[in-house]
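Everything below concerns the one structure shown next.
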Amino acid sequence: MFLSVFEMFKIGIGPSSSHTMGPMVAAARFLDHLRGLPFAVSGLRASLHGSLAFTGVGHATDRAVILGLAGFTPDAYDAERAEEALAAIHERGQVEAPGLGLLRFAPKTDLIFDYGPPLPGHANGLRLMATDAQGDVIAQETYYSIGGGFVVTDAELSNPPAPTGPTTPYPFESAAQMLEMARESGKSIAAMKRANELTRMGPQALDDGLERLWQVMRDCIDRGLATDGVLPGGLSVRRRARGIHTALQAEYGLNLTAPHTINDWISVYAMAVNEENAAGGQVVTAPTNGAAGVVPATIRYWLDHVPGAQPSRVGEFLLTAAAIGGLVKHNASISGAECGCQAEVGSASAMAAAGLAAVLGGTPEQVENAAEIALEHHLGMTCDPVKGLVQVPCIERNGLGAIKAVSAASLALRGDGTHFMPLDNCIEAMRQTGADMSEKYKETALGGLAVNIPNC
């Protein structure tokens with residue numbers, strides 16, 4: 001199994017990797033498909049199913065599909081140009097699809113939210129259709145947004161394509177294999193992951209890419225710490241990161257500051273990211289948008305508060321985290337619509353705990369233990385966003401996920417790496433728990449906090 005660090009960590013836009021980035025990517029793929037057809041296309045239609053329908057408005061899924069059909073992509077998103085394009089599409093009932101010209105597409109009638117049963121392949125399904133001059137469907141494709149910005153067609157889901165590319169030197173598909181390869185090679189998890197990445201790119205490209213990921217994460221934290229206001233969506237949730245950070249700065253270094261205040265620093269870094277995400281800003285999936293604050297917050301805590309931290313080792317942190325995230329995705333899920341928030345913030349916390357343990361000098365066994373501790377204590381966590389928005393409880397939940405990551409790494413480093421519950425078993429427990437979880441608690445906003453809100 002090879003899953004690149006740049007697939008686990010993608011630069012994109014908020015508020016959701018599965019509900020915003022994924023549908024935008026699916027639309028881009030559909031345009032590619034249409035460009036290869038031997039006949040002319042006159043119009044477009046789309047239908048959203050399952051969780052994409054139930055929480056699509058709160059996650060801006062409709063906007064993402066419309067903009068994707070207009071040629072926008074998450075990694076090169078221009079907010080100002082997007083607003084202009086949206087206004088024009090709604091006004092004239094046409095979308096200008098790159099390479100296909102002006103196509104009939106009236107969002108009010110051609111974009112359908114289907115609140116019936118989800119499509120059979122995944123909770124996040126969408127169908128994209130092309131029509132002829134008479135309005136008859138002449139091409140159609142079903143896509144599933146399976147979490148973290150990953151998108152597959154119906155055919156790819158039922159019959160995954162064979163792996164391509166060079167053979168990797170450390171092809172671990174489980175934590176047990178990862179640890180065995182580490183023992184045999186004498187390499188760290190990050191070093192093995194780096195060697196795998198270098199089969200696809202040169203060392204400079206890898207290092208530049210890792211630096212770019214951290215730059216976007218760092219900039220996102222800084223924007224969140226500097227911005228006030230009310231988040232969009234109708235809940236009137238105020239941004240809090242700037243106020244908390246200002247208060248923490250005023251207290252910093254005072255003897256009156258309680259030791260547990262460090263938790264507030266960890267939380268505020270994560271909250272800054274997730275407030276930016278909720279506002280539709282640029283973030284890095286880590287491994288998803290809904291969990292985008294945990295890994296950056298843990299890195300920022302390490303760099304700013306832990307003696308001896310070295311910015312040059314951020315790449316080592318990210319490679320280690322990506323290795324753990326790849327195991328979770330391969331053997332379970334990183335999708336809230338599939339397994340609840342245990343698959344999002346739980347996975348992110350495990351990734352962050354592993355990365356922190358690694359840069360603090362942990363052995364591969366201690367790193368695996370840190371990931372297991374963090375994931376274990378997120379098992380069963382539901383995904384119940386109020387009004388379908390990635391705000392309540394998601395913003396605070398990232399802060400607590402980062403705190404758990406730091407605690408898990410610290411506990412693991414107090415031992416020698418031996419422990420009762422292997423990470424593989426914990427990942428399998430998460431998969432089973434997600435399969436048994438009611439659909440109400442898997443990003444549909446039909447249960448939990450989403451239906452227990454103030455009457456105001």
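Only one entry in Glu141, Glu156 is assigned to a strand (DSSP E or B) and surrounded by fewer than 23 Cβ atoms within 10 Å (Cβ to Cβ), namely Glu141.
Tell me whether the stretch 85-98 contains one or more residues that are assigned to a loop (DSSP other than H, G, I, E, B), surrounded by 17 or more Cβ atoms within 10 Å (Cβ to Cβ), out of contact with any Cys (no Cβ under 6 Å at 6 or more places or on another chain) and modelled with pLDDT of 95 or more. No, the stretch 85-98 contains no residue that is assigned to a loop (DSSP other than H, G, I, E, B), surrounded by 17 or more Cβ atoms within 10 Å (Cβ to Cβ), out of contact with any Cys (no Cβ under 6 Å at 6 or more places or on another chain) and modelled with pLDDT of 95 or more.
How about the stretch 108-155: which of its residues are among the hydrophobic types (A, V, I, L, M, F, W, C), closer than 26 Å to Lys440 by Cα and out of contact with any Phe, Trp or Tyr (no Cβ under 7 Å at 6 or more places or on another chain)? If the condition is that a residue be among the hydrophobic types (A, V, I, L, M, F, W, C), closer than 26 Å to Lys440 by Cα and out of contact with any Phe, Trp or Tyr (no Cβ under 7 Å at 6 or more places or on another chain), then Leu111, Ile112, Phe113, Leu119, Ala123, Ile146, Phe150 are the ones that fit. Thr418 falls short of the stated requirement of being assigned to a loop (DSSP other than H, G, I, E, B), crowded, with 17+ Cβ neighbours inside 10 Å, of a type in the set (Val, Ile, Thr) and in contact (Cβ under 8 Å) with a residue 24 or more places away in the chain.
Determine whether Gly346 is in contact (Cβ under 8 Å) with a residue 24 or more places away in the chain, in contact with a Leu (Cβ under 7 Å, 6 or more places away or on another chain), within 23 Å of Asn274 (Cβ to Cβ) and part of a helix (DSSP H, G or I). Yes: the conditions hold for Gly346.
Residue-by-condition table, conditions (1) at pLDDT below 95; (2) more than 25 Å from the chain's Cα centre (by Cα); (3) assigned to a helix (DSSP H, G or I); (4) exposed (fewer than 14 other Cβ atoms within 10 Å of the Cβ):
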{"residue": "Ala162", "(1), (2), (3), (4)": "yes, no, no, yes"}
{"residue": "Pro166", "(1), (2), (3), (4)": "yes, yes, no, yes"}
{"residue": "Gln177", "(1), (2), (3), (4)": "no, yes, yes, no"}
{"residue": "Glu184", "(1), (2), (3), (4)": "no, yes, yes, yes"}
{"residue": "Ala190", "(1), (2), (3), (4)": "no, no, yes, no"}
{"residue": "Asn196", "(1), (2), (3), (4)": "no, no, yes, no"}
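Here is the figure for the stretch 361-387: residues that are part of a loop (DSSP other than H, G, I, E, B), free of Cβ contacts under 8 Å to residues at least 60 places away in the same chain and buried (at least 21 other Cβ atoms within 10 Å of the Cβ) total 3.
Among the residues making up the stretch 248-298, those that are more than 23 Å from Ile13 (Cβ to Cβ), surrounded by fewer than 24 Cβ atoms within 10 Å (Cβ to Cβ) and among the aliphatic types (A, V, I, L, M) are Leu248, Ala250, Leu254, Leu256, Ala258, Ile262.
Of everything in the stretch 388-401 that is at pLDDT 95 or above and not in a loop (DSSP other than H, G, I, E, B), the residue that is farthest from Ile13 (Cα to Cα) is Leu400. If the condition is being buried (at least 20 other Cβ atoms within 10 Å of the Cβ), outside any loop (DSSP other than H, G, I, E, B) and not β-branched (Val, Ile, Thr), then the stretch 111-137 contributes Leu111, Asn124, Gly125, Leu126, Arg127, Leu128, Ala130.
Close Cβ contacts (under 7 Å, 6 or more residues apart or on different chains) running from residues in the stretch 39-58 that are on the phi > 0 side of the Ramachandran plot to residues that are in a strand (DSSP E or B) and among the small types (Gly, Ala, Ser) comprise Gly50/Gly125.
The values are calculated or read from the model by the stated rules, or taken from the named source; none is laboratory data. Quick caveat, the model's predicted, so the values are computed rather than measured. Every residue, glycine as well, gets a Cβ built from its backbone with ideal geometry; the counts of neighbours run over all protein chains shown.
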